[in-house]
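Structure record follows, encoded as C-alpha cells.
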Amino acid sequence: MPAKRKRDEAAEGQAGECSSSAAAADGPRYFLMKSEPDSRMEKGMDMKFSIDDLKESPDQTAEWDGVRNFQARNVMRGMKVGDKAFFYHSNCKVPGIVGIATIVREAYPDHTQFDEKNPHYDAKSKKEDPRWDMVDVKFERELERMISLEELKRYKEKELKDMHLFTRARLSVSPVSADEWSFILSLEKQPEPPKEKKKRKKKADKDDEEEDE
DNA sequence: GCCAACGTTGGC
DNA sequence: GCCAACGTTGGC
C-alpha cells in the first residue's frame, strides 16, 4: 500500500475526536462552514458563494463542494442529516457568521474532483476511490444581525476559547460545541456592540495617550 | 496586496 | 519518518 494512502488514514484518525458515532439520536451537532461572499476568480471560475446565493439556490439547497483539506473533509464525514452549521463569510471586508444552514445530505463523493475544468480538480483522485466528499446544505435562516469575527474574538479567552475558528483558523469546516453554539446565538439577541477601535491610531491620538501615562 | 500561519508534498 | 520548500487560507 502506497505511503500516500497512509497519510489519508492518519488524517482520518484525527477526525475521530469530532465525529460521529452517536448519530442524530442525541440531537443535532453543530458546525461552522466558511464561504466567500465576494467574487474571486480561480481558473476562470468564480469562487463566490454567499448566504444569499444559498438562499436563492433551487430548494435553497446547495452542494458544499470544493473542500480540499483532509481535516475539513473528515469533519464533513461526521455530519448527519439535521445537523446545523453556522454560515460564515470569509475573505471579505467584514468576516463573520451571517446565518444558519442545515445538513440535508450526508457526505458523498464531490464530483468536482473529477472535473478537469474545475479549479478543484484532483488528478490523483480515482473514481473507484474518491478522496474528497461533500455534503448538501439547506438555508435555514439569516441571523438577525451578523456576528463578526471581531465580535467573536472578544470571547476567545473565555466562552469561545476552544473554538476551532481560533485554534485551527484555517479549517473551512469545523465542529462547534453545543455550548459555543448557544453562546453565539445568545449574542445575536443582544444589541450590536460598538466597534472596537483598534485601527492604527493617528499620531495625534497616540501622543495624547502617551501623555496620559 | 501583504504576509503569517499552517497544511501538503516530496526528497532523502 | 523527518523536514524544507511550497502552496493556500484568510485576516488585516
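Of A:I97, A:I103, which residue is away from DNA strand C (no atom under 12 Å from the Cβ), of a type in the set (A, V, I, L, M) and within 20 Å of A:P28 (Cα to Cα)? Write out each step before concluding.
Working: A:I97 fails: away from DNA strand C (no atom under 12 Å from the Cβ).
Of the residues listed, the single one that is away from DNA strand C (no atom under 12 Å from the Cβ), of a type in the set (A, V, I, L, M) and within 20 Å of A:P28 (Cα to Cα) is A:I103.
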- Within segment A:89-113, residues being open to solvent by 10 Å² or more (accessible area, probe 1.4 Å) and either within 11 Å of the chain's Cα centre (by Cα) or farther than 30 Å from A:K124 by Cβ (or both) number 8
- Do we find that A:R40 is at pLDDT below 95, of a type in the set (K, R) and over 19 Å from A:L143 (Cβ atoms) in this structure? yes
- What residue, among those in segment A:71-81 that are closer than 15 Å to A:P175 by Cβ and not charged (D, E, K, R), is nearest to DNA strand C (Cβ to nearest atom)? A:A72
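Starting from residues that are acidic (D, E) and within 15 Å of DNA strand B (Cβ to nearest atom), keep the ones in segment A:83-123 and report whichever is nearest to A:M33 (Cα to Cα).
A:D110
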- Item | Count of segment A:183-192 residues which are surrounded by 12 or more Cβ atoms within 10 Å (Cβ to Cβ) and either at pLDDT 95 or above or within 16 Å of DNA strand C (Cβ to nearest atom) (or both) | 5
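Residue-by-condition table, conditions (1) modelled with pLDDT of 95 or more; (2) outside any strand (DSSP E or B):
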residue: A:V94; (1), (2): yes, yes
residue: A:I100; (1), (2): yes, no
residue: A:E106; (1), (2): yes, no
residue: A:K117; (1), (2): no, yes
residue: A:Y121; (1), (2): no, yes
residue: A:V135; (1), (2): yes, no
residue: A:E144; (1), (2): yes, no
- In segment A:145-178, what residues are away from DNA strand B (no atom under 14 Å from the Cβ), open to solvent by 30 Å² or more (accessible area, probe 1.4 Å) and more than 24 Å from A:W64 (Cβ to Cβ)? A:R145, A:E150, A:K153, A:R154, A:Y155, A:E157, A:K158, A:E159, A:K161
- Item | Qualifying positions in segment A:8-37 - among the charged types (D, E, K, R) and at pLDDT 85 or above | A:R29, A:K34, A:E36
- Query: If you check A:K117, A:K80, which single one turns out to be loosely packed, with under 15 Cβ neighbours inside 10 Å and over 13 Å from the mean Cα position of the chain (by Cα)?
  - Reply: A:K117
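The values are calculated or read from the model by the stated rules, or taken from the named source; none is laboratory data. On a predicted model such as this, the values are computed, not experimentally measured, just so you know. Please note: Cβ atoms are built from the backbone with ideal geometry, for glycine as well, and neighbour counts cover all protein chains shown. What goes into the accessible areas is simple: the full protein's heavy atoms, side chains included, and nothing from ligands, DNA or RNA. Shrake-Rupley method; radii C 1.70, N 1.55, O 1.52, S 1.80 Å.
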